[in-house]
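The structure appears right after this line, and notes come after that.
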Amino acid sequence: MPENESVQGTGAFDGGAGKFTSTTTLTSPKHPSSTERIVLDADYYQREPGRPWVHLDLGRVKKDSPYHFDRLDPIGLAKFAGAITYVTRTNPTTYTGRFRPDSGDDPFLPIGAPSLWAVGLPVSPFTLTVDDRGRVTSISVELTPADSPTLTMTTTLSAHGEPLNLSAPDAQEADETYYD
């Protein structure tokens, strides 16, 4: 990330209902931007400021597409668990450890709103907290790219098990270039 820029994301997921929503914002003095996404089963909707919603059929979106959405692991928690190389419990609600940011076949940083490519980064530290029921409430990761300052990314999880009230927005159909 360029200096003085950050990525912020908010969202919600209801696995039982197959619903997901997120807003990812790049805070940049020169080029601020945000992207809203809604997923309802196999229907994907995306909108950027000042533009209409666009609908895509997830069954047609290729895995290497920027519009790909992993319905089985929408925030990357399972992928993150598979990238852990070491973990220790430091107290009843906190774990620390190390993970490989570029493990697996998808180089996006695996937690929250994917926004960083993590190619060739060294094994990196993380801190994970859970609530009194053992549900993950926070994951903070640190990345140290060569010749760059350390990047910290924190994902906070809450409202576990609560239903998500979402419906399809009015949207235009994506043209074929979205599926190339």
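Per residue, how much accessible surface does the stretch 14-63 expose to a 1.4 Å probe? Answer in Å², no decimals. Don't skip to the end; give the middle numbers.
Working: 2700 Å² over 50 residues.
About 54 Å² of surface per residue is accessible.
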Arg71 and Leu26 label points (each 7 Å along its Cα→Cβ direction) are spaced in nm at 2.9
Per its Cα gyration tensor (rounded if a/c is under 1.5, else prolate when a/b beats b/c, else oblate), the stretch 42-95 is best filed as prolate
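Based on DSSP H runs of at least 4 residues, each adding -39500 (n - 2.57), what is the mean residue ellipticity at 222 nm of the chain after dividing by all its residues, to the nearest 500 deg cm²/dmol?
Values: 1 runs with 7 residues, N = 180.
Value at 222 nm, helices only, nearest 500: -1000 deg cm²/dmol.
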Expressed as a percent, the accessible surface of the chain that is carbon or sulfur, using a 1.4 Å probe and the full set of protein chains, is 50
With the convex hull built on the alpha-carbon atoms of the chain, volume per residue in Å³ sits at 134
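Pulled fully out, how much extra length does the chain show between Thr94 and Gln172, if you take 0.36 nm times their separation in residues and subtract their Cα-Cα distance?
Details: separation 78, 0.36 × 78 = 28.08 nm, distance 4.50 nm.
Result: 23.6 nm gained on full extension.
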Exposed-loop cut sites defined as GluC sites (Glu not before Pro) in DSSP loop states with at most 14 other Cβ within 10 angstrom; longest site-free run of the chain spans 6-180
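The values are calculated or read from the model by the stated rules, or taken from the named source; none is laboratory data. All values derive from a computational prediction rather than experimental measurement. Here the Cβ is made from the backbone with ideal geometry for all residues, glycine too, and neighbour counts use every protein chain on show. Accessible surface is based on the protein model in full, side chains and every heavy atom, while ligands, DNA and RNA are left aside. Shrake-Rupley method; radii C 1.70, N 1.55, O 1.52, S 1.80 Å.
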